[in-house]
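Note sheet for the following structure.
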Amino acid sequence: MTDRPAKGTDRALHPRTKAVHHGTRRSQYGEMAEAIFLTQGFVYDNAAQAEARFVETGPDEFIYARYGNPTSRMFEDRIAALEGTEDAFATASGMAAVNGAMFSMCGPGDHVVAARALFGSCLYVLELLAKFGVEVSFVDGTDLDQWQAAIRPGTKAVFFESVSNPGLEVIDMRAVADLAHAAGAVVVADNVFATPVFSRAVELGADIVVYSATKHIDGGGRALAGVICGSRDYIRGTVEPYLKHTGGAISPFHSWIMLNGLATMDLRVRAQADSALAIARALQGHPALRRVIYPGLPDHPQHDLAMAQMGGSGGTMIAVEVAGGKDAAFAALDRLRIIKISNNLGDAKSIVTHPATTTHQRLPEAAKAHLGITPGLLRLSVGLEDAGDLVADLTRALEG
Ligand SMILES: *Cc1c(COP(=O)(O)O)cnc(C)c1O
């Protein structure tokens with residue numbers, strides 16, 4: 001194992017350079033592409049070496065793939081370097097990451113404050129915490145007064161999606177982090193919609209950043225994966241013991257897919273975000289739509305905040321509300337030819353989702369209404385197709 005840039009020596013490199021090279025570990029064969037170490041175990045030279053490794057595992061030493069693996073460690077090192085955290089732990093899915101980040105550090109009697117506008121499964125994890133004795137307070141994530149009222153001395157953690165799924169509400173990360181830190185709470189950001197390309201989460205005060213790598217990091221809708229980024233103490237001292245004993249480990253093959261995804265992510269995500277802006281502008285004011293929600297449009301309620309937090313981009317996701325409710329929304333979906341009806345996002349292929357009947361179906365009607373998940377709401381993940389073709393597909397579908 002050689003050729004890993006010494007820690008700290010490549011801090012100045014551009015993220016695009018890090019995304020291609022950082023964390024590469026080469027075997028004695030000097031392979032150019034990152035190797036897939038498709039092995040669950042590792043051979044020790046002698047019994048004493050095995051004993052020593054279980055006492056303390058060095059940075060280039062491995063025990064069992066549920067604990068760590070060289071291909072997965074390359075992915076962890078690379079995403080940590082991009083995100084600006086000391087370390088990272090890769091997981092089997094985005095939800096294994098959300099679960100691992102929260103359950104590894106919370107216990108009965110702890111208090112967590114969370115934004116209400118969350119992906120359905122994230123909400124489930126928070127409800128599960130409550131079932132195990134964690135007090136969970138939900139707030140309107142865009143209302144700083146509610147954060148201030150809910151956070152109290154001793155609050156363990158705050159949790160939010162920096163841009164919410166599917167309503168595209170933008171959280172003021174610096175303001176929420178200041179309130180949390182003043183109370184001694186750690187800040188956990190599910191940063192999927194912001195993407196690692198536009199993320200400034202750590203700079204804005206997030207202590208822990210969680211990604212579903214299934215989305216923009218893979219970028220091709222091929223494999224499930226997740227990652228938790230944070231301090232070395234938290235990742236190796238808190239997260240790793242929890243995940244290695246509970247089994248949320250990533251497959252080395254999926255880590256390899258994600259390493260390849262990272263290499264092209266910057267180019268892909270920027271192109272997707274450019275198309276998203278063009279599509280949002282083209283759809284704005286369309287008579288078949290009640291509203292177009294895109295953080296990159298000046299009429300978005302947190303437009304200025306989004307621009308400041310995401311380096312001037314509104315991201316790759318758009319939500320639109322079809323005027324005629326569910327029937328009109330379904331009719332438009334069924335007329336699309338290029339854009340696929342599915343529920344992933346961040347894929348090279350554009351995807352449209354009807355959250356009320358799919359990803360957020362489980363929510364009670366009142367909660368859906370509160371979050372703006374109306375019968376006419378569609379979530380659009382903009383892919384890598386030509387933006388003009390996508391606008392034509394959407395307008396033809398809306399016009400019948
Ligand atoms: C998709 C998603 C997740 C879950 O990720 P999986 O890889 O599907 O488990 C978590 N949070 C957000 C915001 C998501 O969009």
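The values are calculated or read from the model by the stated rules, or taken from the named source; none is laboratory data. Here the structure is a predicted model, which means the values were calculated and not measured. So basically every Cβ, Gly included, is an ideal-geometry build from the backbone, and we count neighbours across all protein chains shown.
Which residues, counting only those in segment 74-101, are in a helix (DSSP H, G or I) and either closer than 14 Å to VAL239 by Cβ or touching a strand residue (DSSP E or B) at 6+ places or on another chain (Cβ under 6 Å) (or both)? Quick ask: steps written out before the conclusion?
We begin by selecting, within segment 74-101, every residue in a helix (DSSP H, G or I); these are 74-83, 94-101.
Across segment 74-101, the qualifying residues are PHE75, GLU76, ILE79, ALA80, GLU83, GLY94, ALA96, ALA97, VAL98, ASN99, GLY100, ALA101.
Among residues of segment 201-230 being surrounded by fewer than 19 Cβ atoms within 10 Å (Cβ to Cβ) and within 27 Å of ALA306 (Cβ to Cβ), the one that is nearest to the ligand (Cβ to nearest atom) is GLY221.
Only one of these is within 13 Å of the chain's Cα centre (by Cα) and of a type in the set (Phe, Trp, Tyr): TYR124, TYR211. Name it. Step through it out loud before you land on a result.
Numbers: TYR124 fails: within 13 Å of the chain's Cα centre (by Cα).
Among TYR124, TYR211, only TYR211 is within 13 Å of the chain's Cα centre (by Cα) and of a type in the set (Phe, Trp, Tyr).
Among the residues of segment 90-105, those that are more than 11 Å from the ligand (Cβ to nearest atom) and within 11 Å of LEU126 (Cα to Cα) comprise MET102, PHE103. When segment 181-196 is filtered for residues that are crowded, with 24+ Cβ neighbours inside 10 Å and in a helix (DSSP H, G or I), the ones remaining, listed by number, are THR195, PRO196. Within segment 21-61, being loosely packed, with under 15 Cβ neighbours inside 10 Å and of a type in the set (A, V, I, L, M) holds for MET32, ALA33, LEU38, VAL43, ALA47, ALA48, ALA50, ALA52, VAL55. Kindly provide the set of residues from segment 150-176 that are buried (at least 22 other Cβ atoms within 10 Å of the Cβ) and part of a helix (DSSP H, G or I), ordered by number. Scanning segment 150-176 gives MET173, VAL176.
Only one entry in GLY324, GLY388, GLY376 is outside the structural domain of ARG116 (by TED's automatic domain parsing) and in contact with an Asp or Glu (Cβ under 9 Å, 6 or more places away or on another chain), namely GLY376.
Being of a type in the set (A, V, I, L, M), outside the structural domain of ILE351 (by TED's automatic domain parsing) and more than 16 Å from the ligand (Cβ to nearest atom) is the requirement here; does ILE279 meet it? Spell out the reasoning first.
Numbers: of a type in the set (A, V, I, L, M): yes; outside the structural domain of ILE351 (by TED's automatic domain parsing): no; more than 16 Å from the ligand (Cβ to nearest atom): yes.
No.
Exactly one residue among ARG270, ARG290 is away from the ligand (no atom under 16 Å from the Cβ), more than 18 Å from MET74 (Cβ to Cβ) and not in a helix (DSSP H, G or I), and that residue is ARG290.
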